[in-house]
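*Asks:* Please find one structure pasted underneath; my questions will follow.
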Amino acid sequence: MLTILLYIVMLIRDYRLINSRDATINPTDYLQNLKEYQKHRAQIYGWIYYLYVFLLSIGLVLYFFEVLQSATKAFKIAAYSLSGLWLLFCTTYLRKRFVSHEQEKLSLMIDRLVRLQSQFD
């Protein structure tokens, strides 16, 4: 529940940050703010992802501890190992793909705004 709440708070925070900036004041300042937002977002989301995985791991361990009490030792080891491998896969491979995809979308938007600004200069 804490991880879901954390994700919702970050979504609302990002929405407010983007929504609070007035794009009509100065396009150069707006582009600079977007670039700073992109850097800050990459740092924060990298840190939050590891916190999310840590909290999710704690939740899985507590869940498995209760559910697998009557299971055999081999099944417990297999369940914990598969869950650990899955989290490791998500942390290494899927996280990099997700972050690069999100950064690419924001970079594309910034590039389009830079081209639009250069047309007016």
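*Asks:* I'd like to check which helices (runs of 4 or more DSSP H) are fully inside region 1-114 and have at least 1 residues that are at pLDDT 80 or above and hydroxyl-bearing (Ser, Thr, Tyr). Before the answer, list the steps.
*Replies:* Numbers: elements: 2-20, 27-67, 73-89.
Of the helices (runs of 4 or more DSSP H) lying wholly inside region 1-114, those with at least 1 residues that are at pLDDT 80 or above and hydroxyl-bearing (Ser, Thr, Tyr) span 27-67, 73-89.
*Asks:* Mind listing whichever residues of region 63-104 are over 24 Å from Gly46 (Cα atoms), open to solvent by 100 Å² or more (accessible area, probe 1.4 Å) and aromatic (Phe, Trp, Tyr)?
*Replies:* Listed by number, the residues that qualify are Tyr63, Phe65, Phe75.
*Asks:* Out of all the residues in region 106-121, is one or more open to solvent by less than 90 Å² (accessible area, probe 1.4 Å), acidic (Asp, Glu) and out of contact with any Gly (no Cβ under 9 Å at 6 or more places or on another chain)?
*Replies:* Yes; the residues of region 106-121 include at least one that is open to solvent by less than 90 Å² (accessible area, probe 1.4 Å), acidic (Asp, Glu) and out of contact with any Gly (no Cβ under 9 Å at 6 or more places or on another chain).
The values are calculated or read from the model by the stated rules, or taken from the named source; none is laboratory data. A quick note: this is a predicted structure, and the numbers were derived from the prediction, not measured. Methodologically, a virtual Cβ is constructed for each residue, glycine included, from the backbone with ideal geometry; neighbour enumeration extends over all protein chains shown. Note: accessible area is taken over every heavy atom of the protein model, side chains too, but ligands, DNA and RNA are not part of it. Shrake-Rupley method; radii C 1.70, N 1.55, O 1.52, S 1.80 Å.
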